[in-house]
Amino acid sequence: MTADHPPSVDPAVDPAVDPAVNWAGNVTYAARRRVRPGSVAELQRLVASASADGEHVRALGSRHSFSRVADTDGVHVDTRGLGLAVEVEDRPGGTVAVVPGGATYAEVAPVLQEHGLALHNLASLPHISVAGACATSTHGSGPSLGSLATAVCAVELVTAAGDVVRIEEGDADFGGAVVSLGALGVVTRMWLRTEPTYDVRQTVWVGLPADEVAAQLGEVMTSGTSVSVFTDFADPTRVSTVWVKDRVDRPSTLAPCLASHRPADHDVHPVPGVDPTATTPQQGSVGPWHERLPHFRASHVPSVGDELQSEVFLPRAAAPHLLPTLTAISDTVAPALLVHEIRAVAADDLWLSPMRGRDSVVAHFTWKPDVARAMVAIRAVEDALAPWEPRVHWGKLTATEELRAPDGAYDLAAFHELCARLDPGGTFRNDLVPARLVG
Ligand SMILES: Cc1cc2nc3c(=O)[nH]c(=O)nc-3n(C[C@H](O)[C@H](O)[C@H](O)COP(=O)(O)OP(=O)(O)OC[C@H]3O[C@@H](n4cnc5c(N)ncnc54)[C@H](O)[C@@H]3O)c2cc1C
């Protein structure tokens, strides 16, 4: 860093929030300092200068990752002060949203809605930054819907040399530029495909027979645009809840196990017994896409707060085996568990995407906030699901020491080459990425 251009020290960090730890509190960042540049030019100078001094740099999003993916021993960059706004751009292929990387989906979605636009899907929470979510291949549910990164059609980033580089769909490097784990540079803007706005009806079923849900899992997952099955294995004969989010302009057919049971006549929380105030409206309530696709309201603390998470991605063919396999190890899993969620995500071709080349069924776990106990259960889950070559969520906990990819899962060679080319001095490296990405 040169004395001429000292980056502004973040003046607006919420004093109630400790920026030195992640949202869950299980990761204390090793960063020596945290800065919030006031413009892209200031960011360029900061990165070039840190890079020249051999200092590591990493962009930090909204800190919702449970893994150390966002950590650095150098400079943490908060991109929320760059002075960029959400904009809408008409292109030959359709309207795109031009979004600051540091903006959250909770900030972006209402602007799109005002323009009569929507995104194809959202995660369980809108609190996360767009760049952070896309960098880790964050996803919602929907067998025909790709992860949030699949909405991206261009990325603009500041590289280690301090250059602003834009990588577009169709460019040779695009497959590595979106799910980048923060290893290529600091993303300043992303261009997201949009579609005309739509409404979604959210309906929840409670306590359905587990054997019926397991046997009909394929039909359950296509019973709406976005479906989640939750269970805590407290009663292995019943799943806790099934959440169906259905676009009203594209109604789906309910699986027999849903059609033959009445939906809940009260709102519920995904974690059994938790107050549902933080959840989005249910009981067949229709509302705009961004107020139904996430499980949690933007205005509330998502999920439980005191928790850990892990997640594995399996080929869709594993779906019927998921509940029986996990039920068989429920003595190990259940004591550490708050809730397990099954979702579906469509295949994509992004080099580091866990959905790369594979339509996926996704097994998510919200654990009690006891790392040692959770890790025992996570290992048991990953071992039990090993026959289906699970891939892990980059932003969550895993028992895998190295982020070892099953053969051919990722295009690691291309990603390592891209890292070496855009970041030859390793400015954006951390302990995890790209060092522990091995094939
Ligand atoms: C309660 C809760 C619910 C969740 N639900 C889901 C879910 O439904 N689906 C799902 O898939 N995941 C889910 N997650 C995980 C979460 O979506 C991911 O961890 C995601 O990365 C969080 O985004 P973030 O902005 O907090 O990123 P961070 O954790 O801050 O950073 C993640 C990565 O992105 C990089 N990054 C951030 N900003 C930039 C930038 N501007 N330029 C370059 N790189 C950048 C960081 O360097 C890091 O490598 C959930 C997490 C929580 C806490």
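The values are calculated or read from the model by the stated rules, or taken from the named source; none is laboratory data. Since the model is a prediction, treat every value here as computed from it, not as a measurement. Reconstructed Cβ throughout: ideal geometry from the backbone, glycine too, with neighbour counts over all protein chains shown. Accessible surface is based on the protein model in full, side chains and every heavy atom, while ligands, DNA and RNA are left aside. Shrake-Rupley method; radii C 1.70, N 1.55, O 1.52, S 1.80 Å.
Laid out as a table, the results:
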| read-out | value |
| --- | --- |
| Compactness relative to 2.2 N^0.38 Å, alpha carbon Rg of the range 10-162 | 1.08 |
| Euclidean distance between Cα centres, the range 91-155 to the range 187-218, Å | 15 Å |
| Estimated FRET transfer efficiency (Val21, Lys368; beta-carbon r; R0 22 Å; 0.05) | 0.75 |
| Modelled label reach - Thr237, point 7 Å along Cα→Cβ, the range 190-226 residues with backbone N closer than 14 Å | 207-212 |
| Potential lengthening between His115 and Val376 on full extension [0.36 nm per residue; Cα-Cα distance subtracted] | 89.2 nm |
| Distance (nanometres) between label positions extended 7 Å along Cα→Cβ at Ala435 and Glu195 | 4.3 nm |
| Percentage, to the nearest whole number, of Cα pairs in the chain over 43 Å apart | 9 percent |
| Within the accessible area of the chain (1.4 Å probe), percent carbon and sulfur | 52 percent |
| Where only C-alpha atoms are counted, convex hull volume of the range 252-359 per residue in Å³ | 174 Å³ |
| For the range 240-308, the spread of Cα positions along each principal axis, largest first, Å | 36, 25, 22 |
| Test item: Cα-centred dipole of the chain, Lys/Arg +1 and Asp/Glu -1 on Cβ, debye | 180 debye |
| Peptides 252-263, 58-69 ordered by average Cβ neighbours within 10 Å, highest first | 58-69, 252-263 |
| Sequence ranges 163-172, 420-429, ranked by mean other-Cβ count within 10 angstrom, highest first | 420-429, 163-172 |
| Label-point separation, Asp90 to Arg33 (7 Å along Cα→Cβ), nm | 4.6 nm |
| Positive-pole candidate from Val227, Pro272, Ala399, dipole of the chain, charges at beta carbon | Pro272 |
| Accessible area in square angstrom per residue, the chain, 1.4 angstrom probe | 38 Å² |
| Computed over the range 87-197, Kirkwood Rh from alpha-carbon pairs, angstrom | 14.0 Å |
| Ratio of Rg to Rh over the range 199-392 (Cα coordinates, Kirkwood Rh, two decimals) | 0.94 |
| Computed label-point distance, nm, for sites Ala413 and Asp331 using a 7 Å Cα→Cβ extension | 4.6 nm |
